[in-house]
Amino acid sequence: MDRKVRVRFAPSPTGPLHIGGVRTALYNYLFAKQHDGDLILRIEDTDSNRFVPGAEEYIQESFRWLGIRFDEGVGIGGPHGPYRQSERRDIYKKYVRQLLDAGKAYVAFDTPTELEAKRQEIPNFQYDASTRMQMVNSLTLPPEEVERRIAAGEKYVVRIKIEPNEDVHVHDLVRGEVVINSSIVDDKVLYKSADELPTYHLANVVDDYLMEISHVIRGEEWLPSAPLHVLLYRALGWEDVMPQFAHLPLLLKPDGNGKLSKRDGDRLGFPVFPLEWHDPKTGDVSSGYRESGYFPEAVINFLALLGWHAGSNQEIYSLDELVREFSLDRVSKSGAKFDFEKGKWFNHQYLKAKPDSEVADLFQSVLVQKGIIEDSERVTHVVGLVKDRVNFVPELWNECSFFFKAPTEFDEKSLKKRWKAESPAQMEELMQLIASMDDFSGVHAEPEIMAWIERKGYGVGIVMNAFRICLVGAARGPHIFEITDFIGKEETLNRMRYALEHISM
RNA sequence: GGUGCAUUCGUCUAGUGGCCUAGGACGCUGGCCUCUCACGCCGGAAACCCGGGUUCGAUUCCCGGACGCACUACCA
């Protein structure tokens, strides 16, 4: 069947967008773009009890940050709206009516308490062909009684009537053929009169049909209900335009097993959300990738490879490359544990690849916080010297603070290892030499100082390390003449003087 | 409990019956580079869940088991 590829990402606004959801959206995006198709953003808010204010805005901002663009949906518009399920009540009612009239569904009056009691009483109770004739519904009640109860305003639900003992085939693009016997699927609730809203299953099928969705790409947690959805398409007479299914493997916790959850992030100290989230009810703050210093490209790259692999040895992919290379049949079938360390490595790769000036612009805000004012050319130069050593922009400060700020303390370990008995005298001598120099630029100072060391017969390592400790405060950092060149003669002498006064042997 | 899905180094994975002495990456680790610390480069340790089949030959195919996960709501 040749039809336009149309896929959707359909989150429920019950909180911040989970990183697993981001991956699902990403795969949908890649698949859509690869086939010149459309990606639709639909908000599944059919559970009025679980609505969380701000969640919808959060979702949209997350995708904006990540660079995943939708073609249609909430916040964008399009010809198949509204895209918020709570605004589609009347549409669903029509199909509930159709199902009822065709005898594919029925009205049930059993209250939640009664059902709970039933489940207590019967070990593996399931509302299905084997039990429905013992329940309170339009199959067991006379029609007038059903009418009377509805007219009286009694709360009811509409359940699908599943015909037992039939093998339902779900063709899954990542798993192949999955067969489930209809006897184990229960008469799921499709609609509740209490809020006049359908449940997920009905809303989902109706919307996918009406929005002309060609492929349903979603998490593996939906696999068990896929047969129900197939049966629903059949009951509504839409089987010929039923979308193809692809159930994605789950993202698992880094330690132990189980689905990755918000708590894992808090517990293990890494973000599980794209953006920082402030819970409006509890006031809790959960960290986000953006605020932790991640580049959106790195997050995308990292996520893409968690459950998908092109088969080559390539690991760094731009979004465009992913669009070209992605394919559902190379999605793995088993869950992937979330490896935060690898995520850092991806960010490192992107940071290294970025132009120094771009990283410097980002780093400027950190400098401002530290009270440092420097022009961008000088900052760019320093960034170029140290950016290979960190994973995140904010970490840059630890690697280059001494370019901007003189050390006030001296690292003990470095002192113990690199500050020798002769160091104070050598530094005094070096100060005199430096003071006498007219041209202190790196290119000039370096050969002159090296020549002096040789002339005196001093150890290069001994002099240079002591010099480094004076300037940096520790035995680390880039080439020493890059530092002297940057801070200049006066500052170099000041730091040496300070060091000689404060380092006690 | 029931149903379904899965199972290669610690982790992400390559592998579709002989090319596997099982490849790559993260992490860990040894060395080189070097005034230091990093980066980088070169090396190392590290895996086919178990038992039956099928086959001349199974990591790869089939069956069983084990372990894991998901689902089992008037939630999505």
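The values are calculated or read from the model by the stated rules, or taken from the named source; none is laboratory data. Predicted model, so just to flag it, every value in this text is computed and none were measured. No Cβ is skipped: glycine too gets one built from the backbone with ideal geometry, and neighbour counts run over all protein chains shown.
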Requiring at least 1 residues that are under 24 Å from residue A:130 (Cα atoms) and either over 33 Å from the mean Cα position of the chain (by Cα) or near RNA strand B (Cβ under 7 Å from one of its atoms) (or both), the strands (runs of 3 or more DSSP E) wholly within region A:165-265 are A:167-172, A:176-181, A:189-192
Which of the residues spanning region A:240-254 are touching a helix residue (DSSP H, G or I) at 6+ places or on another chain (Cβ under 7 Å) and charged (D, E, K, R)? A:253
Would you be able to tell me the number of residues in region A:148-171 that are of a type outside the set (A, V, I, L, M) and crowded, with 19+ Cβ neighbours inside 10 Å? 3
Restricting to region A:446-505, name every residue that is among the aliphatic types (A, V, I, L, M), in a helix (DSSP H, G or I) and more than 10 Å from RNA strand B (Cβ to nearest atom). A:449, A:451, A:487, A:493, A:496, A:499, A:500
Which residues, taken from region A:169-212, are of a type in the set (Lys, Arg) and either farther than 20 Å from residue A:95 by Cβ or not assigned by TED's automatic domain parsing to the domain that holds residue A:129 (or both)? A:175
Suppose we keep only residues that are over 14 Å from the mean Cα position of the chain (by Cα) and within 16 Å of RNA strand B (Cβ to nearest atom) within region A:266-282. Which one would you say is nearest to residue A:297 (Cα to Cα)? A:269
Kindly list, by first and then second residue, each pair from a residue in region A:104-125 that is under 19 Å from residue A:164 (Cα atoms) and at pLDDT 95 or above to a residue that is assigned to a helix (DSSP H, G or I) and of a type in the set (Gly, Ala, Ser), limited to pairs with Cβ atoms under 7 Å and residues at least 6 apart or on different chains. A:104/A:235
Among the residues of region A:375-393, is there at least one that is under 19 Å from residue A:477 (Cα atoms), surrounded by 17 or more Cβ atoms within 10 Å (Cβ to Cβ) and more than 16 Å from RNA strand B (Cβ to nearest atom)? yes
For residue A:206, state whether it is crowded, with 21+ Cβ neighbours inside 10 Å, in contact (Cβ under 8 Å) with a residue 24 or more places away in the chain, in contact with a Phe, Trp or Tyr (Cβ under 9 Å, 6 or more places away or on another chain) and at negative phi. yes
Are any of the residues in region A:429-438 in contact (Cβ under 8 Å) with a residue 12 or more places away in the chain, within 26 Å of residue A:398 (Cα to Cα) and not polar (S, T, N, Q)? no
Could you please find all residues in region A:322-342 being more than 8 Å from RNA strand B (Cβ to nearest atom) and under 18 Å from residue A:274 (Cα atoms)? A:340
Exactly one of these conditions fails for residue A:108: (1) closer than 30 Å to residue A:9 by Cα; (2) within 16 Å of RNA strand B (Cβ to nearest atom); (3) crowded, with 16+ Cβ neighbours inside 10 Å; (4) not basic (Lys, Arg). Give me its number. (1)
